[in-house]
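Below is one structure, written out as C-alpha coordinates; the observations come after it.
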Amino acid sequence: MKYISLALKISITYFLFGLLWIYFSDNAINLLVKDLEKLQFLQTIKGWLFITFSSILIYFISYKLFTQIESKKEELLKSNELLEKIIENAPLIIFWKSNKGVYLGCNSKFLQLMNLSSKDELLGKTDTDFSILEKENFINDDMIVISSGQPKLNYLETITTKNKVLKILNTSKVPLFDDKGKIIGVLGVSEDITEQVNNQNKIKTQEELLIQQSKLATMGEMIANIAHQWRQPLSIISTLSTGMKLQKELNISNEEYEKESLDNINENAQYLSKTIDDFKNFFKKDNNKTNIYFKELFEKIFKLTQSRLKSKDIKIIQNNYAEIKFDTYESALIQVFINIINNSIDAFENIDEDKYIFIDVEEFNNKIVIKIKDTARGIKENIIDKIFDPYFTTKSEKQGTGIGLYMSKEIITKHLNGSIEASNIDFEYLNNSYSGAIFTISIPLNKDK
Ligand SMILES: Nc1ncnc2c1ncn2[C@@H]1O[C@H](COP(=O)(O)OP(=O)(O)OP(=O)(O)O)[C@@H](O)[C@H]1O
Ligand SMILES: [Mg+2]
(Lines give C-alpha, C1' and ligand atoms only; values in the text may rest on other atoms or scores of the structure.)
(Ligands and ions follow the chains in the order given, each with its own letter.)
Protein backbone atom coordinates (compact mmCIF):
# COMPACT_ATOMS: atom_id res chain seq x y z
CA MET A 1 0.00 0.00 0.00
CA LYS A 2 2.80 2.37 1.02
CA TYR A 3 4.58 1.84 -2.29
CA ILE A 4 1.41 2.23 -4.45
CA SER A 5 0.65 5.67 -3.02
CA LEU A 6 4.30 6.71 -3.37
CA ALA A 7 4.34 5.64 -7.03
CA LEU A 8 1.01 7.42 -7.63
CA LYS A 9 2.39 10.59 -6.06
CA ILE A 10 5.45 10.53 -8.32
CA SER A 11 3.44 9.92 -11.49
CA ILE A 12 0.77 12.59 -10.62
CA THR A 13 3.53 15.14 -9.91
CA TYR A 14 5.15 14.23 -13.23
CA PHE A 15 1.78 14.47 -15.01
CA LEU A 16 1.01 17.92 -13.51
CA PHE A 17 4.56 19.15 -14.17
CA GLY A 18 4.21 18.01 -17.80
CA LEU A 19 0.80 19.70 -18.21
CA LEU A 20 2.02 22.98 -16.70
CA TRP A 21 5.23 22.88 -18.76
CA ILE A 22 3.29 22.37 -22.00
CA TYR A 23 0.68 25.02 -21.13
CA PHE A 24 3.05 27.84 -20.01
CA SER A 25 5.84 27.15 -22.46
CA ASP A 26 3.36 27.02 -25.38
CA ASN A 27 1.79 30.32 -24.26
CA ALA A 28 5.20 31.97 -23.77
CA ILE A 29 6.40 30.92 -27.22
CA ASN A 30 3.14 32.01 -28.84
CA LEU A 31 3.49 35.45 -27.20
CA LEU A 32 7.15 35.92 -28.13
CA VAL A 33 7.40 34.39 -31.60
CA LYS A 34 5.05 35.02 -34.50
CA ASP A 35 7.07 33.43 -37.32
CA LEU A 36 5.57 29.97 -38.02
CA GLU A 37 8.88 28.36 -39.00
CA LYS A 38 10.66 29.65 -35.88
CA LEU A 39 7.69 28.58 -33.81
CA GLN A 40 7.96 25.01 -35.08
CA PHE A 41 11.70 25.02 -34.47
CA LEU A 42 11.25 26.27 -30.88
CA GLN A 43 8.50 23.69 -30.28
CA THR A 44 10.95 20.92 -31.31
CA ILE A 45 13.69 22.38 -29.00
CA LYS A 46 11.10 22.56 -26.16
CA GLY A 47 10.20 18.91 -26.74
CA TRP A 48 13.88 17.90 -26.63
CA LEU A 49 14.40 19.91 -23.44
CA PHE A 50 11.39 18.29 -21.80
CA ILE A 51 12.62 14.81 -22.64
CA THR A 52 16.15 15.68 -21.40
CA PHE A 53 14.90 17.07 -18.05
CA SER A 54 12.50 14.26 -17.44
CA SER A 55 15.20 11.65 -18.33
CA ILE A 56 17.56 13.25 -15.79
CA LEU A 57 14.77 13.25 -13.22
CA ILE A 58 13.91 9.61 -13.92
CA TYR A 59 17.61 8.77 -13.65
CA PHE A 60 17.93 10.32 -10.17
CA ILE A 61 14.68 8.91 -8.88
CA SER A 62 15.39 5.36 -10.06
CA TYR A 63 19.03 5.59 -8.87
CA LYS A 64 17.85 6.55 -5.41
CA LEU A 65 15.24 3.81 -5.37
CA PHE A 66 17.62 1.11 -6.53
CA THR A 67 20.32 2.04 -3.98
CA GLN A 68 17.67 2.00 -1.27
CA ILE A 69 16.46 -1.42 -2.36
CA GLU A 70 20.03 -2.69 -2.47
CA SER A 71 20.86 -1.51 1.04
CA LYS A 72 17.59 -2.96 2.37
CA LYS A 73 18.47 -6.26 0.72
CA GLU A 74 21.91 -6.22 2.34
CA GLU A 75 20.42 -5.47 5.74
CA LEU A 76 17.99 -8.32 5.31
CA LEU A 77 20.75 -10.67 4.24
CA LYS A 78 22.83 -9.64 7.22
CA SER A 79 20.04 -10.20 9.72
CA ASN A 80 19.27 -13.52 8.03
CA GLU A 81 22.90 -14.56 8.36
CA LEU A 82 22.91 -13.49 12.00
CA LEU A 83 19.76 -15.49 12.67
CA GLU A 84 21.29 -18.53 10.98
CA LYS A 85 24.45 -18.12 13.06
CA ILE A 86 22.42 -17.87 16.26
CA ILE A 87 20.46 -20.99 15.37
CA GLU A 88 23.65 -22.82 14.42
CA ASN A 89 25.73 -21.80 17.44
CA ALA A 90 23.07 -22.02 20.15
CA PRO A 91 23.99 -24.89 22.48
CA LEU A 92 20.67 -26.54 21.67
CA ILE A 93 19.07 -28.82 19.11
CA ILE A 94 16.73 -26.65 16.99
CA PHE A 95 14.26 -27.61 14.24
CA TRP A 96 11.06 -26.31 12.74
CA LYS A 97 8.27 -27.90 10.77
CA SER A 98 5.20 -26.74 8.82
CA ASN A 99 1.74 -27.25 10.27
CA LYS A 100 1.62 -30.50 8.26
CA GLY A 101 4.71 -31.77 10.07
CA VAL A 102 7.07 -31.21 7.14
CA TYR A 103 10.62 -30.30 8.17
CA LEU A 104 11.45 -26.75 7.01
CA GLY A 105 14.74 -26.16 8.77
CA CYS A 106 17.10 -27.18 11.57
CA ASN A 107 20.61 -26.68 12.89
CA SER A 108 23.46 -29.15 12.55
CA LYS A 109 22.96 -30.44 16.11
CA PHE A 110 19.57 -31.71 15.02
CA LEU A 111 21.12 -33.39 11.95
CA GLN A 112 23.65 -35.07 14.24
CA LEU A 113 20.88 -36.29 16.53
CA MET A 114 18.99 -37.72 13.54
CA ASN A 115 22.20 -39.23 12.15
CA LEU A 116 21.85 -37.31 8.86
CA SER A 117 24.75 -35.86 6.90
CA SER A 118 23.00 -32.92 5.21
CA LYS A 119 19.85 -30.85 5.35
CA ASP A 120 18.77 -32.30 1.98
CA GLU A 121 18.12 -35.58 3.72
CA LEU A 122 15.68 -33.84 6.07
CA LEU A 123 13.97 -30.88 4.45
CA GLY A 124 10.60 -31.64 2.89
CA LYS A 125 10.24 -34.87 4.87
CA THR A 126 8.11 -35.73 7.89
CA ASP A 127 8.82 -37.89 10.95
CA THR A 128 7.09 -40.82 9.27
CA ASP A 129 9.92 -40.93 6.70
CA PHE A 130 12.46 -41.85 9.39
CA SER A 131 12.88 -45.10 11.28
CA ILE A 132 12.66 -43.66 14.76
CA LEU A 133 11.01 -45.69 17.50
CA GLU A 134 9.34 -42.67 19.11
CA LYS A 135 8.05 -40.94 15.97
CA GLU A 136 4.39 -41.37 17.02
CA ASN A 137 5.12 -39.36 20.18
CA PHE A 138 6.83 -36.60 18.17
CA ILE A 139 3.88 -36.33 15.77
CA ASN A 140 1.41 -36.30 18.69
CA ASP A 141 3.29 -33.50 20.45
CA ASP A 142 3.38 -31.44 17.22
CA MET A 143 -0.37 -31.93 16.81
CA ILE A 144 -1.06 -30.85 20.39
CA VAL A 145 0.95 -27.63 19.93
CA ILE A 146 -0.46 -26.84 16.49
CA SER A 147 -4.08 -27.52 17.37
CA SER A 148 -4.04 -25.75 20.73
CA GLY A 149 -1.76 -22.87 19.75
CA GLN A 150 -0.12 -23.33 23.16
CA PRO A 151 3.55 -24.18 23.77
CA LYS A 152 4.54 -27.47 25.41
CA LEU A 153 7.52 -26.65 27.58
CA ASN A 154 10.35 -28.56 29.24
CA TYR A 155 9.25 -32.15 28.98
CA LEU A 156 11.43 -35.22 28.89
CA GLU A 157 11.44 -37.47 25.85
CA THR A 158 13.68 -40.12 24.39
CA ILE A 159 14.84 -40.73 20.86
CA THR A 160 16.26 -44.03 19.65
CA THR A 161 18.22 -43.35 16.51
CA LYS A 162 19.11 -45.56 13.54
CA ASN A 163 22.13 -47.03 15.31
CA LYS A 164 19.99 -47.90 18.36
CA VAL A 165 21.49 -45.24 20.63
CA LEU A 166 19.03 -43.93 23.17
CA LYS A 167 19.18 -40.21 23.87
CA ILE A 168 17.29 -38.41 26.59
CA LEU A 169 16.07 -34.94 25.67
CA ASN A 170 14.56 -32.03 27.50
CA THR A 171 12.32 -30.54 24.83
CA SER A 172 10.07 -27.51 24.34
CA LYS A 173 7.79 -27.00 21.33
CA VAL A 174 6.14 -23.67 20.48
CA PRO A 175 3.66 -22.81 17.72
CA LEU A 176 4.86 -20.55 14.87
CA PHE A 177 2.45 -17.77 13.77
CA ASP A 178 2.38 -15.69 10.59
CA ASP A 179 1.67 -11.90 10.52
CA LYS A 180 -2.05 -12.52 10.70
CA GLY A 181 -1.74 -14.75 13.76
CA LYS A 182 -2.40 -17.97 11.82
CA ILE A 183 -0.43 -21.03 12.97
CA ILE A 184 1.98 -22.01 10.22
CA GLY A 185 4.13 -24.53 12.00
CA VAL A 186 5.97 -25.62 15.12
CA LEU A 187 9.44 -24.79 16.46
CA GLY A 188 11.20 -27.37 18.58
CA VAL A 189 14.15 -26.82 20.92
CA SER A 190 15.80 -29.73 22.74
CA GLU A 191 18.68 -30.20 25.11
CA ASP A 192 20.51 -33.52 25.14
CA ILE A 193 20.61 -34.47 28.84
CA THR A 194 21.62 -38.12 28.35
CA GLU A 195 25.00 -37.67 30.01
CA GLN A 196 23.55 -35.75 32.95
CA VAL A 197 20.92 -38.43 33.59
CA ASN A 198 23.47 -41.23 33.27
CA ASN A 199 25.79 -39.51 35.72
CA GLN A 200 22.97 -39.07 38.19
CA ASN A 201 22.10 -42.74 37.86
CA LYS A 202 25.73 -43.68 38.37
CA ILE A 203 25.93 -41.59 41.54
CA LYS A 204 22.70 -43.18 42.76
CA THR A 205 23.95 -46.73 42.23
CA GLN A 206 27.26 -45.83 43.87
CA GLU A 207 25.38 -44.45 46.86
CA GLU A 208 23.22 -47.54 47.06
CA LEU A 209 26.33 -49.70 46.90
CA LEU A 210 27.93 -47.70 49.70
CA ILE A 211 24.84 -48.05 51.89
CA GLN A 212 24.85 -51.79 51.21
CA GLN A 213 28.57 -52.06 52.01
CA SER A 214 28.21 -50.06 55.17
CA LYS A 215 25.34 -52.29 56.30
CA LEU A 216 27.47 -55.35 55.60
CA ALA A 217 30.40 -53.84 57.47
CA THR A 218 28.18 -53.02 60.44
CA MET A 219 26.67 -56.49 60.20
CA GLY A 220 30.16 -58.00 60.41
CA GLU A 221 30.82 -56.00 63.55
CA MET A 222 27.44 -57.02 64.95
CA ILE A 223 28.14 -60.69 64.38
CA ALA A 224 31.50 -60.34 66.12
CA ASN A 225 29.64 -58.61 68.93
CA ILE A 226 26.97 -61.31 69.14
CA ALA A 227 29.66 -63.97 69.30
CA HIS A 228 31.33 -62.03 72.08
CA GLN A 229 28.15 -61.49 74.01
CA TRP A 230 27.11 -65.09 73.69
CA ARG A 231 30.33 -66.57 74.98
CA GLN A 232 29.54 -65.90 78.63
CA PRO A 233 25.88 -67.03 78.79
CA LEU A 234 26.69 -70.09 76.66
CA SER A 235 29.44 -71.12 79.02
CA ILE A 236 27.09 -70.61 81.99
CA ILE A 237 24.42 -72.78 80.33
CA SER A 238 26.93 -75.47 79.52
CA THR A 239 28.43 -75.44 83.05
CA LEU A 240 25.00 -75.63 84.69
CA SER A 241 23.71 -78.39 82.44
CA THR A 242 26.84 -80.53 82.74
CA GLY A 243 26.73 -79.93 86.53
CA MET A 244 23.14 -81.20 86.66
CA LYS A 245 23.98 -84.21 84.49
CA LEU A 246 26.91 -85.09 86.73
CA GLN A 247 24.79 -84.82 89.85
CA LYS A 248 22.20 -87.14 88.25
CA GLU A 249 24.92 -89.64 87.32
CA LEU A 250 26.37 -89.57 90.81
CA ASN A 251 22.87 -89.75 92.22
CA ILE A 252 23.37 -86.69 94.37
CA SER A 253 20.84 -84.52 92.59
CA ASN A 254 19.20 -81.89 94.71
CA GLU A 255 15.82 -80.54 93.68
CA GLU A 256 16.46 -77.01 94.82
CA TYR A 257 19.81 -76.82 93.03
CA GLU A 258 18.21 -78.27 89.92
CA LYS A 259 15.41 -75.70 89.95
CA GLU A 260 17.85 -72.87 90.48
CA SER A 261 20.04 -74.13 87.67
CA LEU A 262 17.12 -74.49 85.29
CA ASP A 263 15.95 -70.96 86.11
CA ASN A 264 19.44 -69.73 85.50
CA ILE A 265 19.68 -71.61 82.21
CA ASN A 266 16.34 -70.19 81.17
CA GLU A 267 17.39 -66.66 82.06
CA ASN A 268 20.55 -66.98 80.02
CA ALA A 269 18.69 -68.52 77.09
CA GLN A 270 16.31 -65.58 77.20
CA TYR A 271 19.24 -63.22 77.18
CA LEU A 272 20.60 -64.99 74.10
CA SER A 273 17.31 -64.67 72.31
CA LYS A 274 17.00 -61.02 73.38
CA THR A 275 20.38 -60.14 71.90
CA ILE A 276 19.26 -61.73 68.64
CA ASP A 277 16.11 -59.56 68.72
CA ASP A 278 18.15 -56.45 69.39
CA PHE A 279 20.35 -57.08 66.40
CA LYS A 280 17.44 -58.11 64.22
CA ASN A 281 15.63 -54.87 65.01
CA PHE A 282 18.71 -52.92 64.18
CA PHE A 283 18.72 -54.26 60.65
CA LYS A 284 15.06 -53.64 60.01
CA LYS A 285 14.48 -50.93 57.43
CA ASP A 286 13.81 -47.67 59.17
CA ASN A 287 10.95 -45.96 57.39
CA ASN A 288 9.27 -44.28 60.29
CA LYS A 289 10.52 -41.94 62.91
CA THR A 290 9.87 -43.09 66.45
CA ASN A 291 9.65 -41.03 69.57
CA ILE A 292 12.43 -42.14 71.88
CA TYR A 293 14.19 -41.15 75.08
CA PHE A 294 17.91 -40.72 74.75
CA LYS A 295 18.23 -42.98 77.75
CA GLU A 296 16.66 -45.85 75.82
CA LEU A 297 18.69 -45.10 72.74
CA PHE A 298 21.93 -45.33 74.71
CA GLU A 299 20.91 -48.50 76.46
CA LYS A 300 20.61 -50.07 73.02
CA ILE A 301 23.93 -48.62 71.88
CA PHE A 302 25.71 -49.95 74.99
CA LYS A 303 24.20 -53.37 74.53
CA LEU A 304 25.56 -53.47 71.01
CA THR A 305 29.05 -52.25 71.91
CA GLN A 306 29.60 -53.36 75.50
CA SER A 307 31.52 -56.53 74.77
CA ARG A 308 34.17 -54.64 72.78
CA LEU A 309 34.27 -51.84 75.35
CA LYS A 310 34.61 -54.26 78.27
CA SER A 311 37.31 -56.36 76.64
CA LYS A 312 39.43 -53.24 75.99
CA ASP A 313 38.68 -51.74 79.38
CA ILE A 314 37.11 -48.58 77.96
CA LYS A 315 34.66 -46.63 80.10
CA ILE A 316 31.80 -44.59 78.80
CA ILE A 317 30.96 -41.47 80.78
CA GLN A 318 27.51 -40.06 80.08
CA ASN A 319 26.03 -36.74 81.00
CA ASN A 320 22.57 -35.28 81.47
CA TYR A 321 20.63 -36.82 78.64
CA ALA A 322 18.26 -39.07 80.52
CA GLU A 323 15.09 -37.05 80.03
CA ILE A 324 15.64 -35.74 76.51
CA LYS A 325 13.12 -37.24 74.15
CA PHE A 326 12.78 -36.77 70.39
CA ASP A 327 11.53 -38.15 67.09
CA THR A 328 14.16 -39.87 65.02
CA TYR A 329 15.09 -42.79 62.77
CA GLU A 330 16.33 -44.90 65.63
CA SER A 331 18.45 -47.55 63.97
CA ALA A 332 20.08 -45.04 61.61
CA LEU A 333 21.15 -42.96 64.59
CA ILE A 334 22.34 -46.09 66.42
CA GLN A 335 24.48 -46.91 63.39
CA VAL A 336 26.12 -43.46 63.61
CA PHE A 337 26.91 -43.88 67.32
CA ILE A 338 28.31 -47.36 66.80
CA ASN A 339 30.56 -46.08 63.98
CA ILE A 340 31.93 -43.28 66.16
CA ILE A 341 32.35 -45.45 69.25
CA ASN A 342 34.03 -48.21 67.21
CA ASN A 343 36.46 -45.64 65.79
CA SER A 344 37.36 -44.54 69.32
CA ILE A 345 37.83 -48.17 70.38
CA ASP A 346 40.18 -48.65 67.39
CA ALA A 347 42.04 -45.43 68.28
CA PHE A 348 42.71 -46.80 71.78
CA GLU A 349 44.56 -49.76 70.19
CA ASN A 350 48.05 -48.86 71.43
CA ILE A 351 47.09 -46.75 74.43
CA ASP A 352 47.36 -48.08 77.95
CA GLU A 353 46.33 -45.08 80.07
CA ASP A 354 42.77 -44.23 81.08
CA LYS A 355 40.45 -45.00 78.22
CA TYR A 356 37.32 -42.88 78.33
CA ILE A 357 34.58 -42.02 75.89
CA PHE A 358 32.40 -39.10 76.99
CA ILE A 359 28.91 -38.64 75.61
CA ASP A 360 27.27 -35.35 76.25
CA VAL A 361 23.77 -34.42 75.04
CA GLU A 362 22.14 -31.04 75.22
CA GLU A 363 18.92 -29.62 73.93
CA PHE A 364 18.75 -25.96 72.99
CA ASN A 365 17.50 -23.63 70.22
CA ASN A 366 15.15 -26.37 69.04
CA LYS A 367 17.97 -28.77 68.32
CA ILE A 368 19.81 -31.65 69.93
CA VAL A 369 23.56 -31.33 70.17
CA ILE A 370 25.50 -34.49 70.88
CA LYS A 371 29.22 -34.43 71.66
CA ILE A 372 31.24 -37.63 71.67
CA LYS A 373 34.86 -37.29 72.71
CA ASP A 374 37.57 -39.78 73.63
CA THR A 375 40.96 -39.76 75.29
CA ALA A 376 42.71 -41.53 72.38
CA ARG A 377 45.01 -38.59 71.47
CA GLY A 378 43.02 -37.26 68.54
CA ILE A 379 42.96 -37.45 64.77
CA LYS A 380 46.14 -36.48 62.89
CA GLU A 381 45.76 -32.89 61.64
CA ASN A 382 46.87 -33.79 58.10
CA ILE A 383 43.97 -36.21 57.61
CA ILE A 384 41.22 -34.55 59.62
CA ASP A 385 39.68 -32.92 56.52
CA LYS A 386 39.42 -36.28 54.77
CA ILE A 387 37.90 -38.55 57.40
CA PHE A 388 34.34 -38.06 56.10
CA ASP A 389 35.36 -38.96 52.52
CA PRO A 390 34.17 -42.35 51.26
CA TYR A 391 36.85 -45.06 51.50
CA PHE A 392 39.26 -42.87 53.47
CA THR A 393 40.90 -45.02 56.11
CA THR A 394 44.20 -45.21 57.94
CA LYS A 395 43.52 -48.79 58.94
CA SER A 396 44.58 -52.04 57.33
CA GLU A 397 42.21 -53.70 54.89
CA LYS A 398 40.96 -56.12 57.54
CA GLN A 399 40.33 -53.42 60.10
CA GLY A 400 38.56 -50.73 58.12
CA THR A 401 37.01 -49.86 54.79
CA GLY A 402 36.75 -46.11 55.41
CA ILE A 403 33.00 -45.81 55.01
CA GLY A 404 31.99 -45.57 58.68
CA LEU A 405 32.19 -41.79 58.95
CA TYR A 406 31.07 -41.21 55.36
CA MET A 407 27.85 -43.14 56.03
CA SER A 408 27.43 -41.42 59.39
CA LYS A 409 27.61 -38.04 57.69
CA GLU A 410 25.14 -39.16 54.99
CA ILE A 411 22.69 -40.32 57.67
CA ILE A 412 23.03 -37.17 59.77
CA THR A 413 22.88 -34.67 56.91
CA LYS A 414 20.51 -36.35 54.46
CA HIS A 415 18.17 -38.37 56.69
CA LEU A 416 18.15 -36.26 59.83
CA ASN A 417 18.83 -32.82 58.28
CA GLY A 418 21.58 -32.21 60.78
CA SER A 419 25.33 -31.70 60.75
CA ILE A 420 28.40 -33.57 61.99
CA GLU A 421 31.87 -32.20 62.55
CA ALA A 422 35.13 -33.58 63.89
CA SER A 423 37.99 -31.84 65.67
CA ASN A 424 40.62 -32.47 68.34
CA ILE A 425 40.40 -31.30 71.92
CA ASP A 426 42.58 -31.02 75.05
CA PHE A 427 40.65 -31.24 78.30
CA GLU A 428 40.78 -32.19 81.98
CA TYR A 429 38.87 -34.91 83.74
CA LEU A 430 39.25 -35.70 87.44
CA ASN A 431 42.40 -33.56 87.56
CA ASN A 432 44.07 -35.40 84.71
CA SER A 433 44.82 -33.90 81.31
CA TYR A 434 43.74 -35.72 78.18
CA SER A 435 43.64 -35.13 74.46
CA GLY A 436 41.38 -36.78 71.94
CA ALA A 437 38.93 -36.49 69.09
CA ILE A 438 35.54 -34.86 69.50
CA PHE A 439 32.56 -35.41 67.19
CA THR A 440 29.77 -32.84 67.38
CA ILE A 441 26.40 -33.85 65.95
CA SER A 442 23.56 -31.38 65.74
CA ILE A 443 20.04 -32.51 64.84
CA PRO A 444 17.12 -30.10 64.44
CA LEU A 445 14.03 -30.99 66.48
CA ASN A 446 10.64 -30.81 64.86
CA LYS A 447 8.42 -30.58 67.85
CA ASP A 448 5.10 -29.98 66.10
CA LYS A 449 5.31 -33.12 63.97
N1 LIG B 1 38.23 -41.12 67.38
C2 LIG B 1 39.19 -41.13 66.44
N3 LIG B 1 40.49 -40.95 66.78
C4 LIG B 1 41.45 -40.95 65.84
N5 LIG B 1 41.24 -41.15 64.52
C6 LIG B 1 39.97 -41.32 64.11
C7 LIG B 1 38.87 -41.33 65.05
N8 LIG B 1 37.74 -41.53 64.36
C9 LIG B 1 38.11 -41.64 63.06
N10 LIG B 1 39.43 -41.54 62.90
C11 LIG B 1 40.18 -41.59 61.63
O12 LIG B 1 39.25 -41.41 60.56
C13 LIG B 1 39.41 -42.46 59.60
C14 LIG B 1 38.08 -42.70 58.90
O15 LIG B 1 37.15 -43.27 59.78
P16 LIG B 1 35.96 -44.15 59.20
O17 LIG B 1 35.12 -44.62 60.32
O18 LIG B 1 35.30 -43.41 58.11
O19 LIG B 1 36.71 -45.36 58.52
P20 LIG B 1 37.46 -46.58 59.22
O21 LIG B 1 37.13 -46.63 60.67
O22 LIG B 1 38.89 -46.46 58.85
O23 LIG B 1 36.81 -47.82 58.46
P24 LIG B 1 35.31 -48.39 58.67
O25 LIG B 1 34.62 -47.53 59.66
O26 LIG B 1 34.69 -48.31 57.32
O27 LIG B 1 35.48 -49.77 59.12
C28 LIG B 1 39.93 -43.62 60.38
O29 LIG B 1 40.65 -44.52 59.54
C30 LIG B 1 40.84 -42.93 61.41
O31 LIG B 1 42.13 -42.68 60.86
MG1 LIG C 1 35.14 -46.57 61.34
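Using a/c under 1.5 as the rounded threshold, could you call the stretch 315-449 rounded, prolate or oblate? The axes a ≥ b ≥ c are square roots of the C-alpha gyration tensor eigenvalues, and prolate needs a/b larger than b/c, oblate otherwise.
oblate
At a threshold of 8 angstrom on Cα-Cα distance, excluding pairs fewer than six apart, so keeping six or more, what relative contact order does the chain reach in percent?
Once normalised by length, the contact order is 8 percent.
Expected output is a single nm value to one decimal: the length gained when fully extending between ILE276 and THR205, i.e. 0.36 nm times separation in residues minus the C-alpha distance. What is it?
22.5 nm
With a 1.4 Å probe and all protein chains left in place, how much of the accessible area of the chain comes from carbon and sulfur atoms, in whole percent?
Summing carbon and sulfur atoms, their accessible area is 57 percent of the total for the chain.
If you take every residue apart from GLU70 with its C-beta less than 13 Å away from the C-beta of GLU70, what net charge results, scoring Lys and Arg +1 and Asp and Glu -1?
Net charge in that neighbourhood comes out at +2.
By the scheme Lys and Arg +1, Asp and Glu -1, what is the net charge of all other residues having a beta-carbon under 15 Å from that of SER147?
Once all neighbours under 15 Å are counted, the net charge is +3.
I want to check a number: in the stretch 2-86, how many lysine pairs have alpha carbons closer than 20 Å, given a sequence separation of 8 or more or different chains?
Lysine pairs meeting both conditions in the stretch 2-86 amount to 10.
What accessible area per residue comes out for the stretch 2-86, rounded to a whole number of Å², with a 1.4 Å probe?
It amounts to 92 Å² per residue over the stretch 2-86.
Sketch the reach of a paramagnetic label on TYR3 as a point 7 Å from Cα along Cα-to-Cβ, and name the residues of the stretch 50-73 whose backbone nitrogen lies under 16 Å away.
The answer is 62-73, whose backbone nitrogens lie closer than 16 Å to the label point.
Between SER396 and THR242, what is the label-point separation in nm under the 7 Å Cα-to-beta-carbon projection?
3.3
Express the relative contact order of the stretch 87-202 as a whole percentage, based on alpha carbon pairs under 8 Å and six or more residues apart in sequence.
Values: 205 pairs, mean separation 30.3, N = 116.
Value for the stretch 87-202: 26 percent.
Are any of the pairs LYS100/LYS182; LYS310/LYS367; LYS202/LYS414; LYS289/LYS373; LYS152/LYS204 more than 22 Å apart by Cα-Cα distance, and if so, which? Show your work: numbers first, answer last.
Numbers: LYS100/LYS182 14 Å; LYS310/LYS367 32 Å; LYS202/LYS414 18 Å; LYS289/LYS373 27 Å; LYS152/LYS204 30 Å.
Too far apart for the 22 Å limit: LYS310/LYS367; LYS289/LYS373; LYS152/LYS204.
If the reach is capped at under 14 angstrom between alpha carbons, list the aspartates and glutamates near LYS135, excluding any in the same chain fewer than eight residues apart.
ASP127, GLU157
Using the Cβ atoms and a cut-off under 14 Å, what net charge is assigned to the surroundings of GLU258, where Lys and Arg are +1 and Asp and Glu are -1? Could the numbers behind the result be given before it?
Numbers: positive: LYS245, LYS248, LYS259; negative: GLU249, GLU255, GLU256, GLU260, ASP263.
Residues close to GLU258 contribute a combined charge of -2.
Sum -39500 (n - 2.57) across every DSSP H segment of at least 4 residues in the chain, then divide by the residue count to get the 222 nm mean residue ellipticity, nearest 500.
-18500 deg cm²/dmol
Label-point separation (nm) for LYS125 and GLN112, each offset 7 Å from Cα along Cα-to-Cβ?
2.0
Suppose R0 equals 41 Å. What FRET efficiency, 1/(1 + (r/R0)^6) with r the Cβ-Cβ distance, do LYS73 and TRP48 give to the nearest 0.05?
Numbers: r = 37 Å, r/R0 = 0.90.
About 0.65, to the nearest 0.05.
The values are calculated or read from the model by the stated rules, or taken from the named source; none is laboratory data. Just so you know, these numbers come straight off a predicted model, no measurement behind them. In this analysis, Cβ positions are derived from the backbone assuming ideal geometry, glycine residues included, and neighbour counts consider all displayed protein chains. Areas reflect the complete protein model, heavy atoms only, side chains present, ligands, DNA and RNA absent. Shrake-Rupley method; radii C 1.70, N 1.55, O 1.52, S 1.80 Å.
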